[in-house]
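Heads up: the structure comes next, in structure tokens.
The values are calculated or read from the model by the stated rules, or taken from the named source; none is laboratory data. From a predicted model like this one, the values you see are computed outputs, not experimental measurements. Cβ coordinates were reconstructed from backbone atoms using ideal geometry, including for glycine residues, and neighbour counts include every protein chain displayed.
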Amino acid sequence: MAKEAQKTRAKELYIQGNTNKLIAEKVGVTQKTISSWIKKFNWEAERNARLTSKETDIENIKLVISKLISSRIQITKEIEKAKDVDEIVLLEKKGRSIADEISKYNKTLESYKEQNTTSLATYLQVMDHLFDAIKNYNENIYLDLLDFQDSHLTLISQTLG
């Protein structure tokens, strides 16, 4: 594998979250080389940005809410089975606490979705920068992508607009 191809494959594997050892084995270079590339080309910043994407954060919040709902359901079942008044009072208090926590996480989720939604204007600005860079890099590639750009922006306009 040529060095540039190795580097490209190594970056892809690193961004996906693989270990340096595994990457070195798959690409055919030393772990020291992988570490050097990570540092030299700042792959860690890109990996961190991708791993902490808004979609990941939203899914994590949804997972927490789901687990809290399961706990609340379990407490409801325990209340139905409980015979002792003190135990029921304690369980109901615990249930209200979990319900309050669920409510707070739902508000956080809604707020997070609002704050992390990309506006159509911002998306179009990024696309313009990207296609300007492609045009400067290789005008033939740019011309080949014009139909894609048009259809993609039409779809995005319908989604974000």
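Only one entry in 156, 98, 73, 61 is modelled with pLDDT of 95 or more and either surrounded by 14 or more Cβ atoms within 10 Å (Cβ to Cβ) or in the same structural domain as residue 13 (by TED's automatic domain parsing) (or both), namely 98. Against the list (1) closer than 30 Å to residue 115 by Cβ; (2) in contact with a helix residue (DSSP H, G or I) (Cβ under 9 Å, 6 or more places away or on another chain); (3) surrounded by 11 or more Cβ atoms within 10 Å (Cβ to Cβ), the condition residue 53 fails is (2). The helices (runs of 4 or more DSSP H) falling completely within segment 18-129 that include 3 or more residues that are more than 30 Å from residue 160 (Cβ to Cβ) and hydroxyl-bearing (Ser, Thr, Tyr) map to 31-40, 54-81.
Please go through segment 8-18 and give me each residue that is within 14 Å of residue 44 (Cα to Cα), surrounded by 11 or more Cβ atoms within 10 Å (Cβ to Cβ) and in contact (Cβ under 8 Å) with a residue 12 or more places away in the chain, ordered by number. 10, 11, 13, 14, 15 - these are the residues of segment 8-18 that are within 14 Å of residue 44 (Cα to Cα), surrounded by 11 or more Cβ atoms within 10 Å (Cβ to Cβ) and in contact (Cβ under 8 Å) with a residue 12 or more places away in the chain.
In the set (1) in the same structural domain as residue 92 (by TED's automatic domain parsing); (2) exposed (fewer than 13 other Cβ atoms within 10 Å of the Cβ); (3) not hydroxyl-bearing (Ser, Thr, Tyr), residue 42 fails one condition alone, (1). Among the numbered conditions (1) of a type outside the set (S, T, N, Q); (2) outside the structural domain of residue 152 (by TED's automatic domain parsing); (3) surrounded by 12 or more Cβ atoms within 10 Å (Cβ to Cβ); (4) free of Cβ contacts under 8 Å to residues at least 24 places away in the same chain, the only one that residue 131 does not meet is (2).
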